[in-house]
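J.: Before anything else, here's the structure in question.
The values are calculated or read from the model by the stated rules, or taken from the named source; none is laboratory data. These numbers were taken from a predicted model, which means no experiment stands behind them. As a convention, Cβ positions derive from the backbone with ideal geometry for all residues, glycine included, and neighbour counts pool all protein chains shown.
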Amino acid sequence: MIQTRTASSIAERLRELQLDVERGVWEQRLRDVTAHDVEAALTSRSGVYSLNKLLALVSPAAEPYLERMAELSRALTLQRFGRAIRLYVPLYVSNYCVNKCRYCGFNCSNDFERVHLTIEEALNEADVLASEGFRDVLLVSGEDKAFVTVDYLAELAARLRERFGFVGAEIYQMSADDYGRLFEAGIEGITLYQETYDRDEYAHYHPAGPKADYDVRLRGPDDMATAGMREIGLGVLLGLADWRIETLALAEHASYMMKRYWQSRISFSFPRLRPACGVSTREFPHLLSDRNLVQMMLALRLCFADAGLVLSTRESRRLRDHLVGLGVTRLSAGSRTNPGGYTHANAASEQFAVDDSRRPAEVAAMLSERGFEPVWKDWDRAFQGR
Amino acid sequence: MDTLTIAQRRFGSRLLIGTGKFSSPQVMAAAVAASGAEIVTVALRRVDIDNPSDDTLREIDREKLLLLPNTSGARDAAEAVRLARLARAATGIEWVKLEVTPDPYYLLPDPVGTLEAATTLVKEGFVVLPYINADPILARRLEDVGTATVMPLASPIGSNQGMRTRAALEIIIEQSNVPVVVDAGLGLPSHAAEAMEIGADAVLVNTAIATAADPVEMATAFRLAVEAGRRAYLSGPRAPLRRAEASSPLTGFLRDEVTKP
């Protein structure tokens, strides 16, 4: 039995479990899981986490149980979230970046035309999104600290709050004080992926730039919660390391956050590597099949009843449609991953190539057909007030 | 006629409906109609409260129904108060279902923040219906500051577990001078009937109806259960006993006649 207790930091907890290094021991534990262990996990209290339970659910031994996991996940998600799927849209404000992440189109070694949007340009993009019905927007930027400053983000957020119920951000990491300023300005959720919890792989994929420090990165969610952020998005970039072990580390991180910062809600995203400028997915040895991805999502749902599960347009229409009702709670739609992409047809380079290119109204219609209400607004600017 | 009175307003139905989790605003409206509810609660976070053509709001006929805005999502008293003021400014509705739920997972209500917000809102002239844990002392404290009801939970919201807090609910019902609306965790019509049988003035249901395979039929079932439970309560139900009491096996041989020698 692996005991769960409250660690003083997530770094300490991962080290104690050896989930950040020496992954051979976890590969062995995954191989040792039996059908009996999986059945025990499936009959335990649905939606409650333990590392042993998740170990069973992400193991190869659980693969024949995918249908049962889907049934349980569907029932639990229906109970906790109802027949509703929240829709959001990313708004890319800059593709300048000082980092050299080997998997990302914004890698500063890539030679392409860089763009960052002025506040007015970003608001023009937002007008398009608002006119499509969106009230939930996610600001995205490369690590472009000279232009996309805290002041820039605060001003943009304040203007966006006039039209959007919720403004989140998926941007470069900052200090707790700066997160606090963003929160005051109306950015109420932050998504920051660890990318990979494996220290060696992390070092390999992040050879230079401010993002190269694993431990600094790992402290990000603590700083967001300290700043009062309501929603904290966690995730790994799927394809960099063994997804089964990554899922265990990710869940430990979530569990640590939930115990320590009980007023912030945790959500999980499932970004799979996509082709991008200078990135061919053939270079990555740990890519996931659709079946693997779904096993990961279902396993996390069965351990975290109330966590938001987010699926972007990186994924195909077919997969997204089928996953509605099985555990997913939030979908993006109509996304452009290049700054200015909503107002100019052929603008700057993308962070990654989207797969599901349907218009937002088409995604909403699909949800209605499947018996789900497309929820455009699930928050209000009045929460964050003066 | 047996009516429910909250803040001097009379209602024929004792079933309140929450509007979240439905597959569409149209299904929600059909379920509300089938339920016979006269009070429906709407999360301010979900609607554009100042926009009458909002998808959800336009399905709620305010001639027939009391629209009860709720502060779902508020983490503290200040947020809840701000939401309530905004809703009143936009709609003129003075009623508010007060929810202060700092824990985003079980959404359990914060007793301290709820009392604080209720105190402020009552002073500002709101009709306050606070969502609380089944805490009899908190219920009395809220009544003291002037809330229109108390709304204790039967079990955690959305959990469908039924009357887990029954013992505390019985105390609240016994002591309360304002209507007691059992608010959360009622997963089946029989749970709602149980709440009404022990003397709750009303119940509020959302998840059990919204997530049923047929929400309209389930809304009807809850309507009937609430009516049945209420009638049973008014009929003076006998307290349950630990064992059967059909006859007197030990003393049945005794006769009343005096035997003459």
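J.: Could you tell me how many of the residues in region A:199-225 are in a loop (DSSP other than H, G, I, E, B) and over 18 Å from A:Phe268 (Cα atoms)?
T.: So the answer is 5.
J.: Collect the residues in region A:364-375 that are surrounded by fewer than 21 Cβ atoms within 10 Å (Cβ to Cβ) and more than 7 Å from chain B (Cβ to nearest Cβ), keeping them in residue-number order.
T.: Correct list: A:Ala365, A:Met366, A:Glu369, A:Arg370.
J.: Please tell me if B:Leu67 is more than 10 Å from chain A (Cβ to nearest Cβ), surrounded by fewer than 23 Cβ atoms within 10 Å (Cβ to Cβ), under 17 Å from the mean Cα position of the chain (by Cα) and under 17 Å from B:Gly18 (Cα atoms).
T.: So B:Leu67 fits the description; yes.
J.: Next question, about the same structure. Only one residue in A:Leu129, A:Leu123, A:Leu182, A:Leu117 is out of contact with any His (no Cβ under 9 Å at 6 or more places or on another chain), under 22 Å from A:Ala225 (Cα atoms) and surrounded by 17 or more Cβ atoms within 10 Å (Cβ to Cβ). Which one?
T.: After applying the criteria, what remains is A:Leu182.
J.: Within region B:19-57, count every residue that is more than 10 Å from chain A (Cβ to nearest Cβ) and at pLDDT 90 or above.
T.: Residues that pass the stated criteria total 15.
J.: State all residues of region A:151-178 that are of a type outside the set (S, T, N, Q) and within 18 Å of the chain's Cα centre (by Cα); if no residue qualifies, say none.
T.: Those that are of a type outside the set (S, T, N, Q) and within 18 Å of the chain's Cα centre (by Cα): A:Phe166, A:Val167, A:Gly168, A:Ala169, A:Glu170, A:Ile171, A:Tyr172, A:Met174.
J.: Which of (1) touching a strand residue (DSSP E or B) at 6+ places or on another chain (Cβ under 8 Å); (2) of a type in the set (Asp, Glu); (3) within 14 Å of chain A (Cβ to nearest Cβ) is the odd one out, the single condition B:Asp183 does not satisfy?
T.: (3)
J.: Also, I was wondering about something else. Kindly provide the set of residues from region B:40-65 that are hydroxyl-bearing (Ser, Thr, Tyr) and out of contact with any strand residue (DSSP E or B) (no Cβ under 6 Å at 6 or more places or on another chain), ordered by number.
T.: Once the filter is applied, which keeps residues that are hydroxyl-bearing (Ser, Thr, Tyr) and out of contact with any strand residue (DSSP E or B) (no Cβ under 6 Å at 6 or more places or on another chain), region B:40-65 yields B:Ser53, B:Thr56.
J.: Only one of these is within 14 Å of chain A (Cβ to nearest Cβ) and either surrounded by fewer than 17 Cβ atoms within 10 Å (Cβ to Cβ) or modelled with pLDDT under 95 (or both): B:Ala89, B:Ala77, B:Ala7, B:Ala117. Name it.
T.: Being within 14 Å of chain A (Cβ to nearest Cβ) and either surrounded by fewer than 17 Cβ atoms within 10 Å (Cβ to Cβ) or modelled with pLDDT under 95 (or both) holds for just one of B:Ala89, B:Ala77, B:Ala7, B:Ala117, which is B:Ala89.
J.: Within region B:92-114, count every residue that is of a type in the set (A, V, I, L, M, F, W, C) and surrounded by fewer than 24 Cβ atoms within 10 Å (Cβ to Cβ).
T.: Counting residues in region B:92-114 that are of a type in the set (A, V, I, L, M, F, W, C) and surrounded by fewer than 24 Cβ atoms within 10 Å (Cβ to Cβ) gives 5.
J.: Out of (1) more than 14 Å from chain B (Cβ to nearest Cβ); (2) farther than 26 Å from A:Thr337 by Cβ; (3) part of a loop (DSSP other than H, G, I, E, B), what's the single condition that is false for A:Arg274?
T.: (2)
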